[in-house]
Amino acid sequence: MNEKNKLINSEFNLLNHNLEKLVLIGFCTLFSILFINLYTPFRIDQWEADQGLSQFIRLSGFGIIGGIVLSLSQFAFKPLILKREPKVLYFIYWTLLEVLALALVFYGLYGSHSSNFFSEYLISLKYTFLGLLIPYTLALCFIFIFRNQNEGQNQPESITSFHKIISLKDEYGNHRLSLKSSDILFIEAADNYSVIYYKDRDTIKKEMLRNSLKALSEQLKNYPIKRCHRSYLVNVQNVKLAKKASGKVSLHLEGSASIVPVSRKFTPEFDHLLH
């Protein structure tokens, strides 16, 4: 039961970006138009006495209407109503509401209003759910795969080099300090020096290096150690908590009581930690 609760309350952010919403809507619309016209499920071609172009337009209307309803849901109603943190549970609820709403629209346009409402609506609900299940699922899978591949391409070295040994140079280009990139917590400017704070088992230690943050930032550009302030570099992989209060962002690091500030200039680069 605990595992189930943990799953449904876990983060779900697949449809947070407008491009991903457009992919979902476009794929469901085009898939529905092609599938309905090619395979005519539920004997949908026999619902009306038409054929040829008029039948193609009628059958395509199901996919187009579905796309319109999904567009209103994702771009208009969802941002207005669902303002909570993105979780699996909320995604499930909202998707069910989309199916219920779309089934109601189809009933209003194509249902037999002379028959019992509930029985006709249940039929519409069944057809809507079955018709939307495949394209909706495939679109989510495509978005998930594309996002993972894109993130991997954008940060190839950050991920693979996390545990590599880094050899840091002083201002004269001499190698002065070597340590695992995963052990570095943050680096702080101190006059003409930089102070490297790092983990050594259960303790936090520091080393002085005569070099500027700008020069170290260039040395570490292929690692997940990024500039967050004019006086700080931070290892993003060791951030356990990011807080935003009064417009200011602060980073709390694993195994350390130190809090690293993020200046407004660099805040956009750390927005992903706040979602």
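Taking the options Q46, Q74, name whichever one is under 22 Å from L130 (Cβ atoms) and either in contact (Cβ under 8 Å) with a residue 40 or more places away in the chain or β-branched (V, I, T) (or both).
Working: Q46 fails: either in contact (Cβ under 8 Å) with a residue 40 or more places away in the chain or β-branched (V, I, T) (or both).
Only one candidate qualifies: Q74.
If you check S256, S250, which single one turns out to be over 21 Å from S167 (Cα atoms) and either of a type in the set (A, V, I, L, M) or part of a strand (DSSP E or B) (or both)?
Result: S250 is the single residue among S256, S250 that is over 21 Å from S167 (Cα atoms) and either of a type in the set (A, V, I, L, M) or part of a strand (DSSP E or B) (or both).
Looking at (1) assigned to a helix (DSSP H, G or I); (2) touching a residue at least 24 places away in the same chain (Cβ under 8 Å); (3) among the polar types (S, T, N, Q), which is the only condition N16 fails?
(1)
Taking only segment 185-228 into account, find how many residues are closer than 20 Å to K265 by Cα and in contact with a helix residue (DSSP H, G or I) (Cβ under 9 Å, 6 or more places away or on another chain).
11
Scan segment 131-188 residue by residue and report those that are more than 16 Å from the chain's Cα centre (by Cα), modelled with pLDDT of 80 or more and of a type in the set (F, W, Y).
Passing the criteria: Y136, Y172, F186.
Being over 20 Å from E98 (Cβ atoms) and surrounded by 14 or more Cβ atoms within 10 Å (Cβ to Cβ) is the filter; apply it to segment 25-41 and report the residue that is nearest to the chain's Cα centre (by Cα).
Taking the candidates together, the pick is N37.
Filter segment 258-275 down to residues that are surrounded by 14 or more Cβ atoms within 10 Å (Cβ to Cβ) and at pLDDT below 85, then give me how many there are.
Qualifying residue count for the region: 1.
Considering (1) without any contact (Cβ under 8 Å) to a residue 40 or more places away in the chain; (2) within 23 Å of N148 (Cβ to Cβ), say which one C28 fails and leave the rest.
The failed condition is (1).
The values are calculated or read from the model by the stated rules, or taken from the named source; none is laboratory data. Just so it is clear, the structure is predicted and the values come from calculations on it, not from any experiment. For neighbour counting, all protein chains shown are included, and Cβ atoms are generated from backbone atoms with ideal geometry for every residue, glycine included.
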